[in-house]
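Colleague: Here's a structure for you.
The values are calculated or read from the model by the stated rules, or taken from the named source; none is laboratory data. Everything quoted here is computed from the prediction, not taken from an experiment. Cβ coordinates were reconstructed from backbone atoms using ideal geometry, including for glycine residues, and neighbour counts include every protein chain displayed.
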Amino acid sequence: MSTVLVLYMPVIHETYLELIDSQRWDEIFIIENSLAIELVDSLRKDLRALNAETVKSILVRRDGARPAFVVSGATAIFDQSTQFVLPDEDVSHAFAKRFLHGREVEFRNVFLRYDRKRTTEPFEPNPDEVITTDQFARDMIARCDELATKSPDWWRQIGGLIVKEGKIIEELQMFNEAKPFGMVPYELGDPRSNFKKGLHPDLTLVLHVEQGLVSEAARLGIALEGADLYVSTFPCPWCATAVAYSGIGRVYYRDGYAMLDGEEILKSNGVELIRVVEP
Ligand SMILES: [Zn+2]
């Protein structure tokens, strides 16, 4: 039985090459650009995308012995005894659905690009530390919970606060709240109610607690360099970016999930992530 790799490869970066080098493929098929667009319409916006023929010729030049082909809709006919491996992403699933029905297919979990799934799927963050016994940290999270109960956002109540030199900054204790006033969704309706959880999270009237804290600190002239943020739920990607560039040194959180590059942007800015859990 032969094993082949089928993939959409719009650019050449290390992770694509690692996948290609991860085993000895009998053949490599690069999904042709117009077929990829036919399968996943949003790929027409991928301005980076190299022509599949160009990618093929680079691969062949890099490793002449390895046969690489461009697969278009018309040529997607495969030998019955072939085993297929595809990266686990939207275009691969669409390809398999159309052309590989009933065949042996493995979707390999490798992050090559932000497809729809990688863009919208929540995942468990990897904290630098998990603490259970630190009484101060647990008290701060309990205070966040208390603040959260004041949030008029019934669907998602989140509290947060800033600690500097071991003390809560009195003015920097907040909860998420619609602006310009907390009850505005009850007056005009909540735009979030038009979407399922996780979809279009930017379309909201609510100021997230982390952005509220960073903005309020700027207004009051309180530097956040080296400060600690305590928040009941892990920051969303937009808040993570604001926090990462605000100077905040540590984020203490209890639950929640990371999305998009939220965790990565914090870590790459040297922000320590500490999860506070009950013992
Ligand atoms: Zn947020």
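Colleague: Mind listing whichever residues of segment 191-200 are part of a loop (DSSP other than H, G, I, E, B) and in contact (Cβ under 8 Å) with a residue 24 or more places away in the chain? Even if it seems obvious, please write down each step before you answer.
Modeller: Within segment 191-200, the first condition is being part of a loop (DSSP other than H, G, I, E, B), and the residues that meet it are 195-200.
Those that are part of a loop (DSSP other than H, G, I, E, B) and in contact (Cβ under 8 Å) with a residue 24 or more places away in the chain: G198, L199.
Colleague: Could I ask something else about it? Do the conditions hold for V231, that is, is it within 12 Å of the ligand (Cβ to nearest atom) and over 20 Å from W155 (Cβ atoms)?
Modeller: no
Colleague: For segment 234-247: of the residues being of a type in the set (F, W, Y) and more than 9 Å from the ligand (Cβ to nearest atom), which is farthest from E165 (Cα to Cα)? Full working, then the answer.
Modeller: First, pick out the residues of segment 234-247 that are of a type in the set (F, W, Y): 234, 238, 245.
Those left that are additionally more than 9 Å from the ligand (Cβ to nearest atom): 234, 245.
Working: F234: 22, Y245: 20 Å.
Top of the filtered list is F234.
Colleague: Is segment 239-253 home to any residue that is surrounded by fewer than 15 Cβ atoms within 10 Å (Cβ to Cβ), of a type outside the set (V, I, T) and more than 21 Å from I131 (Cβ to Cβ)?
Modeller: yes
Colleague: Could I ask something else about it? Being surrounded by 14 or more Cβ atoms within 10 Å (Cβ to Cβ), among the acidic types (D, E) and out of contact with any strand residue (DSSP E or B) (no Cβ under 7 Å at 6 or more places or on another chain) is the filter here; which residues of segment 78-133 pass it?
Modeller: E89, D90, D115
Colleague: Restricting attention to segment 162-184, does a residue exist that is part of a helix (DSSP H, G or I) and either in contact (Cβ under 8 Å) with a residue 40 or more places away in the chain or surrounded by fewer than 21 Cβ atoms within 10 Å (Cβ to Cβ) (or both)?
Modeller: Step one: of segment 162-184, the residues part of a helix (DSSP H, G or I) are 184.
Filter again for either in contact (Cβ under 8 Å) with a residue 40 or more places away in the chain or surrounded by fewer than 21 Cβ atoms within 10 Å (Cβ to Cβ) (or both), leaving 184.
Checking segment 162-184: at least one residue is part of a helix (DSSP H, G or I) and either in contact (Cβ under 8 Å) with a residue 40 or more places away in the chain or surrounded by fewer than 21 Cβ atoms within 10 Å (Cβ to Cβ) (or both).
Colleague: If you scan segment 226-242, which residues turn out to be out of contact with any strand residue (DSSP E or B) (no Cβ under 6 Å at 6 or more places or on another chain) and either outside the structural domain of L172 (by TED's automatic domain parsing) or among the aliphatic types (A, V, I, L, M) (or both)?
Modeller: Within segment 226-242, A240, A242 meet the criteria.
Colleague: Which members of segment 266-279 meet the condition of being of a type in the set (V, I, T) and surrounded by fewer than 19 Cβ atoms within 10 Å (Cβ to Cβ)? Break it down into steps so the answer makes sense when it comes.
Modeller: Step one: of segment 266-279, the residues of a type in the set (V, I, T) are 271, 274, 276-277.
Of everything in segment 266-279, those that are of a type in the set (V, I, T) and surrounded by fewer than 19 Cβ atoms within 10 Å (Cβ to Cβ) turn out to be I274, V277.
Colleague: Please find, within segment 201-222, the residue that is surrounded by the most Cβ atoms within 10 Å (Cβ to Cβ) out of those that are in a helix (DSSP H, G or I) and without any contact (Cβ under 8 Å) to a residue 24 or more places away in the chain.
Modeller: S215
Colleague: I've got another one for you. Considering only residues of segment 159-217 that are under 21 Å from the mean Cα position of the chain (by Cα) and aliphatic (A, V, I, L, M), which is farthest from the ligand (Cβ to nearest atom)? Spell out the reasoning first.
Modeller: Quick first cut of segment 159-217, residues under 21 Å from the mean Cα position of the chain (by Cα) only: 192, 195-204, 206-211.
Now narrow it down to the ones that are aliphatic (A, V, I, L, M): 199, 203, 206-207, 209.
Working: L199: 15, L203: 13, V206: 9, L207: 9, V209: 7 Å.
Filtering first and then ranking leaves L199.
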